Structures are given as C-alpha cells and as structure tokens.
Amino acid sequence: MQNFEFYNPTRIVFGEGRIAELNRLVPEQARVLILFGGESARRNGTLAEVEAALGERHVKHFGGIEPNPSYETLMRAVEQVRAEELDFLLAVGGGSVIDGTKFVAAAVNYSGDPWGILETGGRKITQALPFGSVLTLPATGSEMNDGSVVTRKATKTKLPFKNALVFPQFSVLDPTKTYTLPPRQVANGVVDAFVHIAEQYLTYPANAPVQDRFAEGLLTTLIELGPLALSDPKNYDVRANLMWVATLALNGLIGVGVPQDWATHMVGHEITALHGLDHAQTLAIVLPAMLQERRDAKRGKLLQYAERVWGLTNGDEEQRIDAAIVRTRDFFESLGVKTRLSDYNLGSDVVEPLVEQLKTHGMVKLGEHRDVDLATSRRVLEACL
C-alpha cells in the first residue's frame with residue numbers, strides 16, 4: 001500500500017426528510033442560487049421543499065443544466081451570479097448538476113478565461129464560492145468529492161477538473177427523492193458507480209487488503225441491489241443503500257494508497273462528446289473491452305475479481321478471467337444498458353475520430369501504468385464495435 005493523505009470535508013446529511021435541515025446548513029444571510037436540471041425537480045416537489053427549507057433567504061434559480069453539463073450553459077449561470085451578487089450555490093439534482101455547480105463556483109471569480117479551469121485540470125483554481133447539494137440521482141459520487149466533468153459543445157470537448165476548493169460543504173441525501181427516477185437513469189447510476197469502483201480496484205495487487213475488500217463489498221452490493229432498484233423502485237432500504245454505495249464509490253476513500261486506472265473514463269468521455277451517449281452507456285461499452293485488451297497487465301486483480309466478486313473458482317486462469325469479463329458485460333446488459341457501439345448505431349467509422357480526439361486532448365498515456373497509448377485505445381474501440 002502506497003503512502004497517502006486523505007481529505008474530505010463534505011458533511012453528509014442522510015435520510016428521509018433531511019432537506020428541511022437546509023435551514024441550518026445554509027448561512028442565514030446567504031444570497032442563494034439554486035441550480036437544477038430539467039423540470040422534474042419542480043414537478044415532483046423537491047424544489048418547493050428546498051425553497052421552504054431556505055425560508056426568508058434571498059433565493060434565485062438557474063435551471064436547464066444538461067445531463068452532460070455544457071460550458072456554454074454554465075457560463076450563463078456564472079453571469080447570473082455575478083450580475084445579481086449571489087454568494088452561495090445550491091445544486092439540486094444528480095451528478096451533472098453538481099458537477100456544473102462546481103464549475104460555476106470556481107469560475108465566478110476565476111482570473112482569466114474560465115475554460116482554463118478545464119484546460120489545466122483545475123490546478124489554477126485559487127478560490128471558489130461555497131456550495132452544497134441536494135442529491136436526487138445516485139451515480140457519480142460528485143456529492144462527496146472535488147471532481148467535475150464539463151463539455152464544451154462548440155468544440156465537442158469533454159474534460160475533467162479537480163480541486164479541493166470545490167468539495168461541497170454539505171450534501172443532503174434523501175433516498176425517497178429517487179423513487180420517481182426513470183429506469184434508464186437508475187440503471188445508468190448503477191453502472192456509473194460500478195465502473196468508478198472498478199477503475200480504482202482492477203489495476204494490480206498493491207498489498208492493500210482493506211481497500212480491496214472495501215471495493216469488493218461495494219461491487220457485490222451493486223450486483224445485488226441493481227436489479228432490485230429497478231424491480232421495486234419504492235423500496236426505501238434498497239434505494240438508501242444504493243445511494244450510499246454510489247457516494248462511497250467515488251468519495252476518495254477506496255482509492256487512497258492504491259493505483260488507479262481511469263482509462264475507461266477518458267475513452268468514454270470522447271464517445272459522449274462526439275456522439276452524445278450517456279456517460280454510463282459509454283462506460284458499459286468500454287470497460288469489458290478495456291479489461292480484455294489489458295488482461296495480462298491486470299491478471300492478478302482480474303483473478304481476484306473473478307473469485308471474490310463473481311465466485312468463479314473453476315477452470316484455469318484464462319477461463320476464469322474470460323468468465324469474469326463476460327459476467328461484467330452480462331450484468332450491465334441485465335440492467336438494460338447496452339455494451340456495444342453497434343447497439344447505438346455506431347460503426348467502425350467512429351473509431352479514428354475518437355482516437356484523434358484522445359490525441360488532441362493529450363490522452364496518450366492512460367491507465368495505472370501509463371501504457372495505454374493511442375494504439376491501445378484504438379484496439380479497445382475496435383473491440384467495442
């Protein structure tokens with residue numbers, strides 16, 4: 001296990017009815033901008049509940065943040081904050097809204113072109129507005145981390161950034177707010193959390209049994225709860241545990257002291273940027289192919305994954321690895337999330353433009369060994385067809 005430092009200042013307020021506690025969580029004199037996505041938060045009463053909890057505070061709204069939050073939309077929120085002299089942000093929604101809010105928080109007082117936040121990976125952020133979140137879609141873990149991903153529509157560029165100044169001050173997690181989610185979003189959330197864990201676990205042995213067992217426990221919990229969340233959408237215990245797994249999948253804890261991959265995410269980002277697929281859809285497409293392509297480098301962990309997560313002990317090593325990759329793909333498919341580019345009417349002609357995008361964005365040395373070059377990414381994408 002490597003040396004590490006773990007820091008996470010986000011307060012989690014978990015359980016049914018906890019939105020009411022915004023009254024104590026948000027400063028009394030705050031001038032608040034509520035950021036949200038579509039109109040579902042208004043229709044299902046969540047926005048009204050948030051507004052009631054905020055009481056007499058000065059409150060403004062900004063809606064329309066996309067499932068893949070766009071720079072263009074978020075810059076309009078930045079201008080609203082500046083023009084109306086707002087000083088506290090409150091994200092109400094899923095990971096995309098929270099990701100977008102992080103960008104707004106960092107961009108309002110950023111020195112220079114705010115796109116520089118993405119181009120530098122967040123390294124030049126020196127200040128950010130305080131913000132909190134009310135989570136309505138468990139998936140990305142953005143409610144308890146300092147990372148974000150933003151897309152610039154004009155250039156079809158999707159880039160991540162990370163900075164400790166954009167940790168949420170708090171996040172309210174009420175599982176009942178997930179009851180009305182469409183099945184597609186629930187399934188996407190399960191896949192997203194699953195791949196977040198895999199990117200931190202399926203690397204190489206690092207003498208980190210605590211992190212390994214933690215990751216394996218989260219993966220097996222997702223395998224158990226994913227189908228139940230779809231078949232029994234108002235089961236509080238299922239939704240509560242699913243919400244907590246998604247948060248733990250990317251709050252930094254399972255990744256400390258161990259190598260991390262993230263090649264699947266970087267390739268997936270380019271698919272979303274060029275072809276508009278949901279983030280989780282791209283992960284379900286890329287991960288099985290990525291594991292197959294890099295099975296030798298990941299052999300030790302793939303065998304451990306096969307045994308501990310899928311219970312595969314029969315056959316030789318190659319057979320067990322094959323079976324684990326098949327089980328992974330089948331799990332995604334069982335949730336209704338397709339795992340081939342062809343399932344989305346994308347053919348071999350998309351491969352080279354995607355590779356060119358990776359090159360343009362400097363994604364030429366990916367993975368835990370930094371050995372996923374453009375040739376490797378090309379083979380992965382060809383295997384995704």
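Any read-out appearing in this document is the output of simple, stated calculations on the displayed coordinates, not a laboratory observation. Predicted model only: the values in this text are computed from it and were never measured. All Cβ positions, even for glycine, are placed from backbone atoms using ideal geometry, and neighbour counts span all protein chains on display.
What per residue convex hull volume, in Å³, do the alpha-carbon atoms of the chain yield?
Taking only Cα atoms, the chain has a hull volume of 129 Å³ per residue.
Classify the stretch 16-111 from the C-alpha gyration tensor, please: rounded if a/c falls under 1.5, else prolate or oblate depending on whether a/b exceeds b/c.
Here the stretch 16-111 falls in the oblate category.
Which of Glu270, Glu368, Glu352 comes first, and how do the rest follow, when ranked by fewest Cβ neighbours within 10 Å?
The order, fewest Cβ neighbours first, is Glu352, Glu368, Glu270.
On a full-extension model of 0.36 nm per residue, what is the gain between Asn109 and Gln2, subtracting their alpha-carbon distance, rounded to one decimal in nm?
So the chain would gain 34.9 nm between Asn109 and Gln2.
Please report the net charge: other residues with Cβ closer than 14 Å to the Cβ of Arg379, K and R +1, D and E -1.
In short, -3.
Want the number for Thr220 to Glu79: 0.36 nm per residue separation, take away the alpha-carbon distance, what's left?
Extra length available between Thr220 and Glu79 comes to 46.3 nm.
Could you please report the charge total around Asn163, scoring K, R as +1 and D, E as -1 over all other residues with beta-carbon less than 10 angstrom from its beta-carbon?
Summing Lys/Arg as +1 and Asp/Glu as -1 gives +3.
Given the pairs Lys301/Lys359; Lys102/Lys234; Lys298/Lys365; Lys60/Lys162; Lys156/Lys365; Lys158/Lys298, which span a C-alpha to C-alpha distance of over 25 angstrom in this model?
Violating the 25 Å limit, Cα to Cα: Lys301/Lys359; Lys102/Lys234; Lys60/Lys162; Lys158/Lys298.
Given springs between every Cα pair under 10 Å in a Gaussian network model of the chain, which of Asp330, Asp261, Asp99 has the largest fluctuation?
Looking only at Asp330, Asp261, Asp99, the largest GNM fluctuation is found for Asp330.
Taking Cα centroids, how far is the stretch 1-39 from the stretch 218-232 in Å?
Answer, in whole Å: 26.
Considering the zone a paramagnetic label at His58 would reach in this model (a point 7 Å from Cα along the Cα-to-Cβ line), which residues of the stretch 79-119 have amide N under 15 Å from it?
80-89
Give the shape of the stretch 11-177 as rounded, prolate or oblate, defined through the alpha-carbon gyration tensor: a ≥ b ≥ c are the square roots of its eigenvalues, a/c under 1.5 means rounded, and otherwise the shape is prolate if a/b is larger than b/c and oblate if not.
Prolate shape, in that a/c is at least 1.5 and a/b is the bigger ratio.
Ranking Arg18, Arg294 by Cβ neighbours within 10 Å, fewest first, what do you get?
Arg18, Arg294
I need to check one value: relative contact order of the chain, counting alpha carbon pairs closer than 8 Å and at least 6 residues apart, in percent.
Relative contact order, the chain: 16 percent.
Which net charge results when you count Lys and Arg as +1 and Asp and Glu as -1 among the other residues whose beta-carbon is under 14 Å from that of Leu47?
Net local charge, Leu47 excluded: 0.
If each residue's Cβ is checked for other Cβ atoms within 10 Å, how do Leu137, Leu86 rank with the fewest at the top?
The fewest-first ordering by Cβ neighbours comes to Leu86, Leu137.
Run down the aspartates and glutamates and flag those whose C-alpha is under 17 Å from the C-alpha of Lys124, throwing out any fewer than 8 positions away in its chain.
The reachable aspartates and glutamates, counting only those whose Cα sits under 17 Å from Lys124, are Asp113, Asp146.
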